[in-house]
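Visitor: This is the structure I have questions about; it appears just below.
The values are calculated or read from the model by the stated rules, or taken from the named source; none is laboratory data. The shown structure was predicted, so the numbers you read here are calculated from the model rather than taken from an experiment. Positions of Cβ are generated from backbone atoms using ideal geometry, with glycine treated the same way; all protein chains shown enter the neighbour counts. Protein only, heavy atoms only, side chains kept; ligands, DNA and RNA dropped before computing areas. Shrake-Rupley method; radii C 1.70, N 1.55, O 1.52, S 1.80 Å.
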Amino acid sequence: MSVRTLEVDGKMITALEGQTIFSAAWDSGIHIPRLCHLGGLSDVGACRLCLVEIEGQKRLQPSCMTKVAEDMVVRTNTPALRAHRRLIVELLLAERNHVCSVCVLNGACELQDLAAQLGVDHVRLRPQYPKLEVDLSHDRFGLDHNRCILCTRCVRVCDEVEGAHTWDVAGRGKNSRVITDLGEPWGESASCTSCGKCVQVCPTGALFSKGKTVADMRKDRGFLRYIVTAREKKLWIA
Amino acid sequence: MNRCIMIEPVTRIEGHAKITIEVDETGAVSSARFHVTEFRGFEKICEGRPFQEMPGLMARVCGICPVSHVLASSKAGDMLLGVEIPRAAEKQRRLVNYAQVLQSHALSFFHLSAPDLLLGFDSPAPKRNIFGLLAEDQDFARRGIRLRQFGQRIIETAGGKRIHPGWSGPGGVSRQFTTAQRDEILSWIPEVLESINAALGRLKSLLDSFPEELEHIGNFPSLFLATVNDEGGLEYYDGTIRIVDSAGNCIAEHLDPTRYSTFLGEASEDYSYMKFPFYRPFGYPQGHYRVGPLARLNVARFAGTSLADRELREFKQRGEGAVCRSFHYHLARLIEMLHCAERIEELMADRDLFDDTIQAKASLNRREGIGSCEAPRGTLFHHYWVDKNGLMTKADLLIATAQNNHAMNASVEQTARRFLKPLEESNDFEEGMLNRVEAAIRCYDPCLSCSTHALGRMPLVIEIVKGGAVVGRLTRSRA
Ligand code: SF4
Ligand code: SF4
Ligand code: FES
């Protein structure tokens, strides 16, 4: 595989052909913010937090979906980008209910961390606070739509890694919801294997282990790297 | 034409209170009302949420005595799971509850009430606060501040940062208690006991200088309700309910707190948002009762720790039957602090406390759960209903301040009758009366933000209303 050289934030970096700007930048220690991307899963470009400026292109591009090219000049952290990102996070916070002080994931949440990192000390938009359902029908896990940001990590990990494809997204616009099977309660899903992968990859308090109280939930994503590496190296094929 | 005087603590935060005193033609008090808004909308916040979240949610919803709510809520959760929690979890919860009572009483006594008691009700207002006290008697004020720190430190070390909402929940607690934590707590004990004893001695020697206040600030017969252990001794975490009357007779005992709604009713009065709980068999208003430190000491047969028992025996001499003077809430608080400190020391020697089995695991086994405990201000009940998956469908809370509602009204009225002088007679009636009305409310240490945020004196507004129009207004802002 051939190598590409490009400039990111004034720094010359090398990347493999076919690599995304996002992963090449991370490999070189430039950490572009993200929510829907998770190493080991396919990318969908849903959250738009990883948008970057590419010289010669008018439109901002999602770095998790854009491949590197020779002599590309990329900026990942301009005032305009920071303002965009801040607004995106504010939109996410305003769209559903994110009162962190009473959330199971308070203190260990990717959305919360990002908000802090981007200096979101208040939300300029009027919060919508829709009263959405909490699904506790599953024996071990719970789903709180109020905290879901529709990143679809759960959908992808279940489909691509576990192979069950229990999750999907139904509805449009503000009525979009993640669903299990054809919209049955999670506890009645015939395809769910109760592996818990979705719970661990979910960046927010939307998916949690039952019994956890406020600020009590912690996520462990170690399994994903392990499974993906093993699969790449074909460790399971005798 | 009747005149109406309103005293309104100015506060921007949730619980706020207002006092209306109605005077007739001659300036004599015809009635006095203490209005409170409390926990409105809480039930709505709970609805549709997992019951496991309730302790954490409660810790955030009420910032004044979060520990008590966490415990009552955890116990309601234990009942929903249908489990008996591990001993270590129970002991940890007990420990933190003692610490909570101790620190809350230290705040009430040293920060809020001692300036009145030690510097005098009529000392200049700007001095009647913890800073004035510091200037007057540095050692005493320091000791008070340290006592509060001691309680907070236990809560912090056992429960995690201030009170980590995840520390206690349905089924038990989430972290093991260590011997290093024990050693730190034990190192405080000698100083703590000394400070409480010093305060007790000081208060007792001062009581004689308040004959008027003792007699006229909340001195009336009522029932007293509190939790006791199997033998009828002082209990804060788990036990049965005992009720005594003002003559000290036992009216009821061994009442199961989870069946509280069968023996406690709630009446409404149109002038208050807060309900007026009463003992059902006696009806309303005859069945009104007091809870909290005074009630606990009246209800308990004994304390169960040596120093507190000695004080308790002496305390009980102060009444014929039960001690009915609400002014003695202060003394009761100090005796309780002594008891809590002794119990904390005892717990440090309890091997169960350090066990690493701390959480009973179970799924939902009931649809209705009730938890109760003794909060610093009195008996607290949490009552939850859940659907088959454990989502809250309804929550009822019966809090201590509400149970003292009737008593607070009665005290304010009695105080106003005594200390409000006819308007024509003097121009400076306001300050003297204000101080006493404030003192009457302070006896109960109600969990209103104004009573804990204001150092030394409550921010108040008096409005004198004549024929519906405000004719006079006296404002006291925060010190
Ligand atoms: S999911 Fe994250 S951002 Fe949302 S309330 Fe919970 S901690 Fe806060
Ligand atoms: S449930 Fe979690 S992982 Fe799934 S879409 Fe919502 S936020 Fe993303
Ligand atoms: S991480 Fe690229 S769009 Fe979400």
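Visitor: For the stretch A:214-233, how many residues are open to solvent by less than 30 Å² (accessible area, probe 1.4 Å) and within 16 Å of ligand 2 (Cβ to nearest atom)?
Guide: Residues flagged as open to solvent by less than 30 Å² (accessible area, probe 1.4 Å) and within 16 Å of ligand 2 (Cβ to nearest atom) within the stretch A:214-233 amount to 2.
Visitor: Follow-up question, since we're still on this one. For the stretch A:141-158, which residues satisfy the criterion of being touching a His at 6+ places or on another chain (Cβ under 9 Å) and under 18 Å from A:Gly187 (Cα atoms)?
Guide: Answer for the stretch A:141-158, where residues must be touching a His at 6+ places or on another chain (Cβ under 9 Å) and under 18 Å from A:Gly187 (Cα atoms): A:Val155, A:Cys158.
Visitor: Please state which one of B:Glu215, B:Glu253 is surrounded by fewer than 15 Cβ atoms within 10 Å (Cβ to Cβ) and at pLDDT 95 or above.
Guide: Only one candidate qualifies: B:Glu253.
Visitor: What number of residues within the stretch A:187-213 satisfy the criterion of being open to solvent by 10 Å² or more (accessible area, probe 1.4 Å) and within 13 Å of another protein chain (Cβ to nearest Cβ)?
Guide: Matching residues across the stretch A:187-213 total 6.
Visitor: To continue, here is another question. Restricted to the stretch A:6-25, and to residues that are outside any helix (DSSP H, G or I) and open to solvent by less than 30 Å² (accessible area, probe 1.4 Å), which residue is nearest to ligand 1 (Cβ to nearest atom)?
Guide: Step by step, filter the stretch A:6-25, then rank; the result is A:Thr20.
Visitor: Please go through the stretch B:390-417 and pick out each residue that is in contact with an Asp or Glu (Cβ under 6 Å, 6 or more places away or on another chain) and polar (S, T, N, Q).
Guide: If the condition is that a residue be in contact with an Asp or Glu (Cβ under 6 Å, 6 or more places away or on another chain) and polar (S, T, N, Q), then B:Thr393 is the only one that fits.
Visitor: While we're on this one: If you go through the stretch A:26-69, how many residues are open to solvent by less than 10 Å² (accessible area, probe 1.4 Å) and within 16 Å of ligand 1 (Cβ to nearest atom)?
Guide: 3
Visitor: Where in the stretch B:104-209 are the helices (runs of 4 or more DSSP H), entirely inside, with at least 3 residues that are more than 19 Å from the chain's Cα centre (by Cα) and polar (S, T, N, Q)?
Guide: Values: elements: B:114-119, B:130-136, B:138-159, B:179-206.
Here the list reads B:179-206.
Visitor: Further, regarding this structure: Being among the charged types (D, E, K, R), part of a helix (DSSP H, G or I) and open to solvent by 10 Å² or more (accessible area, probe 1.4 Å) is the filter here, so list the residues in the stretch B:290-331 that pass it.
Guide: Hits for the stretch B:290-331 are B:Asp309, B:Arg310, B:Glu311, B:Arg313, B:Glu314, B:Lys316.
Visitor: Next question, about the same structure. Applying the selection to the stretch A:98-139, what residues are within 16 Å of ligand 2 (Cβ to nearest atom) and among the small types (Gly, Ala, Ser)?
Guide: The answer is A:Ala108, A:Ala115, A:Ser137.
Visitor: Looking at this structure, is A:Ala46 within 16 Å of ligand 3 (Cβ to nearest atom), part of a helix (DSSP H, G or I) and not assigned by TED's automatic domain parsing to the domain that holds A:Val201?
Guide: Details: within 16 Å of ligand 3 (Cβ to nearest atom): yes; part of a helix (DSSP H, G or I): no; not assigned by TED's automatic domain parsing to the domain that holds A:Val201: yes.
No: the conditions fail for A:Ala46.
Visitor: Which residue is least open to solvent (accessible area, probe 1.4 Å), if the candidates are limited to the stretch A:107-119 and must be over 18 Å from A:Arg221 (Cβ atoms) and away from ligand 3 (no atom under 16 Å from the Cβ)?
Guide: Filtering the stretch A:107-119 down to residues over 18 Å from A:Arg221 (Cβ atoms) leaves A:115-119.
Pick out the ones that are also away from ligand 3 (no atom under 16 Å from the Cβ) and you get A:116, A:119.
On the way: A:Ala116: 77, A:Gly119: 36 Å².
Only one residue tops the list, namely A:Gly119.
Visitor: If a residue must be of a type in the set (Asp, Glu) and farther than 18 Å from A:Glu55 by Cα, how many such residues does the stretch A:1-36 contain? Walk me through how you get there before you give the answer.
Guide: Taking the stretch A:1-36 as the starting set, the residues that turn out to be of a type in the set (Asp, Glu) are A:7, A:9, A:17, A:27.
Filter again for farther than 18 Å from A:Glu55 by Cα, leaving A:17, A:27.
Residues flagged as of a type in the set (Asp, Glu) and farther than 18 Å from A:Glu55 by Cα within the stretch A:1-36 amount to 2.
Visitor: Here is a follow-up. Exactly one condition in (1) touching a residue at least 40 places away in the same chain (Cβ under 8 Å); (2) open to solvent by 80 Å² or more (accessible area, probe 1.4 Å) is not met by A:Ile88; state its number.
Guide: Result: A:Ile88 fails condition (2) only.
Visitor: Output the helices (runs of 4 or more DSSP H) that fall wholly within the stretch B:32-82 and possess 2 or more residues being within 14 Å of chain A (Cβ to nearest Cβ) and modelled with pLDDT of 95 or more, or say none.
Guide: B:66-81
Visitor: For A:Ala115, state whether it is in the same structural domain as A:Val214 (by TED's automatic domain parsing), over 18 Å from the mean Cα position of the chain (by Cα) and in contact (Cβ under 8 Å) with a residue 24 or more places away in the chain.
Guide: no
Visitor: Just one of (1) open to solvent by 30 Å² or more (accessible area, probe 1.4 Å); (2) of a type in the set (Phe, Trp, Tyr); (3) within 18 Å of B:His383 (Cβ to Cβ) trips up B:Tyr260, so point out which.
Guide: Result: B:Tyr260 passes all but (1).
Visitor: Within the stretch B:245-275, which residues are β-branched (Val, Ile, Thr) and either more than 25 Å from B:Arg94 (Cα to Cα) or in a loop (DSSP other than H, G, I, E, B) (or both)?
Guide: B:Ile251, B:Thr262
Visitor: Continuing with this model, one more query. Condition first: under 29 Å from B:Asn365 (Cα atoms), part of a loop (DSSP other than H, G, I, E, B) and in contact with a His (Cβ under 8 Å, 6 or more places away or on another chain). Can you find one or more residues in the stretch A:211-231 that meet it?
Guide: Yes: one or more hits.
Visitor: May I ask you to say which residue of A:Ile32, A:Ile54 is farther than 21 Å from A:Leu111 by Cα and modelled with pLDDT of 95 or more?
Guide: It is A:Ile54.
Visitor: Would you mind stating whether A:Glu70 is at pLDDT 95 or above, at negative phi and away from ligand 3 (no atom under 16 Å from the Cβ)?
Guide: On the way: at pLDDT 95 or above: yes; at negative phi: yes; away from ligand 3 (no atom under 16 Å from the Cβ): yes.
When the stated conditions are applied, A:Glu70 passes them.
Visitor: Could you please let me know if A:Phe223 is among the aromatic types (Phe, Trp, Tyr) and within 14 Å of chain B (Cβ to nearest Cβ)?
Guide: For A:Phe223, the condition - among the aromatic types (Phe, Trp, Tyr) and within 14 Å of chain B (Cβ to nearest Cβ) - is not met.
Visitor: Identify the single condition in (1) touching a helix residue (DSSP H, G or I) at 6+ places or on another chain (Cβ under 9 Å); (2) away from ligand 2 (no atom under 13 Å from the Cβ) that A:Ser194 does not satisfy, given that it satisfies every other one.
Guide: Here A:Ser194 clears every test but (1).
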